[in-house]
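The values are calculated or read from the model by the stated rules, or taken from the named source; none is laboratory data. Small disclaimer: the values here were computed from a predicted structure and weren't measured. FYI the Cβ positions are ideal-geometry reconstructions off the backbone, even for glycines, and counts take in every protein chain you see.
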Amino acid sequence: MFAKLNRDLNAIRARDPAAGNKLAAMFLYPSFQVMLAYRIANPLWKAGLKFIARFIMQLARWFTG
């Protein structure tokens, strides 16, 4: 999971010159935050914990607008 997140951060930095470093991308880019929530919620959904997965995605939606 951490390798995928690192790859996402590198992609943000490569495509957006305003993203100065990985820390800024983690906290200031809603696309990264939603992908993080998805990567947490998806295995929960597949494990049958659908309410918790939906709740995590709803929180991500609320936090990112």
- Item | Residues satisfying the stated conditions in the range 1-39, i.e. farther than 23 Å from F55 by Cα and of a type in the set (K, R) | R7, R13, R15, K22
- For G65, which of the numbered conditions (1) surrounded by 11 or more Cβ atoms within 10 Å (Cβ to Cβ); (2) at pLDDT below 95; (3) over 19 Å from A3 (Cα atoms); (4) in contact with a helix residue (DSSP H, G or I) (Cβ under 9 Å, 6 or more places away or on another chain) fails to hold? (1)
- Message: I'd like to check something: does the range 27-39 contain any residue that is among the small types (G, A, S) and at pLDDT 90 or above?
- Response: yes
- Query: What are the residues in the range 20-48 that are in contact with a Phe, Trp or Tyr (Cβ under 7 Å, 6 or more places away or on another chain) and small (G, A, S), if any?
  - Reply: A25
- Applying the selection to the range 14-44, what residues are of a type in the set (F, W, Y) and either loosely packed, with under 14 Cβ neighbours inside 10 Å or over 17 Å from K4 (Cβ atoms) (or both)? F27
- Query: If you take the residues in the range 1-13 that are more than 20 Å from P43 (Cβ to Cβ) and hydrophobic (A, V, I, L, M, F, W, C), which one is surrounded by the fewest Cβ atoms within 10 Å (Cβ to Cβ)?
  - Reply: A11
- Item | Hits in the range 1-20 (condition: of a type in the set (D, E) and assigned to a helix (DSSP H, G or I)) | D8
